[in-house]
Amino acid sequence: MKEGLVFDIHRGTTHDGPGMRTTVFFKGCPLHCTWCQNPESICAQRELMWNAGKCIGCMQCIKVCAVKALTADENGIKADRAACRKCFACAAGCPSKAMQAVGNSWEVSALVKEACKDRMFFIDFSGGVTVSGGEPLLQSEFLVNFLGKLKKEGVNTALDTSGYGRQEAIDKVYPFVDTFLYDIKFINEEIHRKHTGVSNKIILENLKFIADKIRRQKDSKLWIRTPLIPGATATEENIEEIGQFIRGELLDITERWELCTFNYVCKDKYVKMGQSWEYAEYTLLDSSTVKNLASIAEKYAEEIVVVSGLTGQNE
Ligand code: SF4
Ligand code: SF4
């Protein structure tokens, strides 16, 4: 694979690994987490996004679509994604950039150059480049090339992964990752499948594989991340189970267990993608719930538990 598909690049991030970082988001994910914060990351191809706030209602997009995949009603422009041929004539012809194609193809060297534009900050703030997604392991060949080049340039690297990928791919990428940001969402396989669409067997096996490598080579860091999602991961039982797993399998080599609280900032993205979102009406977790879950986590891994993200007020 010569080129990789990337849907976003964020600069100056402080929550995607050590220090101040640039995060590159790879497009495509085999999981379908019900709470996904990046709905535009799931599809492994370029796709349309429509921004109501920018649309001037000129209907140019509808006129240029050869297969009539676009229609307009009182809620704005709608795309029939099954009919769409992904030619992006509508995006190219939109005068206000309300209609856009999400996802750009990058050649490795160009992406390295782009990701390293803030290199001075990496040095000043002990940061580097993080690859997130989507699931970066889905583009494993490009990922290995990208991270390998960054390491050659002396850039600190982090990989934010669901862990759902081939062990062979993890083996190849391992030498080029300084910090693994690895999600454990659930230990219970059936509940994992219910909320993400896939089994967690491979995920937990791959995590043990990485842990063994870190134990032997002592060269990479491991941060575990658990999203705290109301009605899904944010239960006492789930945090107990993950805590037991970390204490039993990982505590000696895990630098941090981060509990990332739910937020709804992605709500607007679902509207732009023309999709409904199960969590659209959910509020932030209140602080006493988060404190309680953190105290359960601390029973198993007191020194390394960190809570990140927003919490709401208690009633
Ligand atoms: S071309 Fe752009 S501005 Fe015009 S109707 Fe379509 S999305 Fe809106
Ligand atoms: S991408 Fe092409 S086929 Fe799809 S809606 Fe736009 S103009 Fe039509």
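Read the figures in this text as sums done on the coordinates, not as results from a lab. This one's a predicted model, so the numbers in the text were calculated from it and none came from an experiment. Every residue, glycine among them, receives a Cβ derived from its backbone with ideal geometry; neighbour counts consider all protein chains shown.
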Quiz item: Among the lysines, which have Cα under 17 Å from the Cα of Lys201 when same-chain residues fewer than 8 positions away are ignored?
Solution: Lys185
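For segment 47-102, what is the relative contact order in percent, using Cα pairs closer than 8 Å and at least 6 residues apart in sequence?
Details: 77 pairs, mean separation 28.5, N = 56.
So the answer I get is 51 percent.
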Quiz item: If one takes the longest principal axis of the Cα atoms in the chain, at what angle in degrees, from 0 to 90 and to the nearest 10, does the Cα axis of helix 287-301 lie?
Solution: 50 degrees
Quiz item: Around Leu48, which amide H atoms from residues at least 5 apart in sequence, or from another chain, sit under 5 Å from its own amide H, with H modelled in the peptide plane?
Solution: Val102
Self-check item: Integer Hz, Karplus 6.51/-1.76/1.60 couplings in order for segment 162-173, x for Gly and Pro
Solution: 7, x, 8, x, 6, 4, 4, 5, 5, 4, 6, 7
Quiz item: Which one of Leu310, Pro136, Tyr282 has its Cα pushed farthest toward the positive end of the charge dipole of the chain, where Lys and Arg give +1 and Asp and Glu give -1 at the Cβ?
Solution: Pro136
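Given the -39500 (n - 2.57) contribution per DSSP H run of 4+ residues, what per-residue ellipticity at 222 nm results for the chain, rounded to the nearest 500 deg cm²/dmol?
Values: 11 runs with 104 residues, N = 315.
Helix contribution divided over all residues of the chain: -9500 deg cm²/dmol.
Pull out the extension gain between Ala101 and Arg11, defined as 0.36 nm times the separation in residues minus the alpha carbon to alpha carbon distance; nm, one decimal.
Working: separation 90, 0.36 × 90 = 32.40 nm, distance 2.09 nm.
Between Ala101 and Arg11, full extension yields 30.3 nm more.
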Quiz prompt | Check: segment 102-190 dipole with +1 on Lys, Arg Cβ and -1 on Asp, Glu Cβ, in debye | solution = 380 debye
Quiz item: Any idea how far apart Glu278 and Val265 come out in nm if each label point goes 7 Å out from Cα toward Cβ?
Solution: 2.3 nm
Self-check item: aspartates and glutamates with Cα under 13 Å of Lys149, excluding same-chain neighbours fewer than 8 positions away
Solution: Glu107, Glu114, Glu141
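If packing is taken as the average number of other Cβ atoms within 10 Å across a peptide's residues, how do 18-24, 253-259 rank, most packed first?
Numbers: 18-24: 22.3, 253-259: 19.7.
The most tightly packed comes first, giving 18-24, 253-259.
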Quiz prompt | Computed log₁₀ I(q)/I(0) - Debye formula, equal Cα scatterers, no solvent, the chain, q 0.08, 0.11, 0.14 Å⁻¹ | solution = -0.39, -0.74, -1.14
Quiz prompt | 5 angstrom amide H check on Asn156, placed H, neighbours 5+ away | solution = Val129
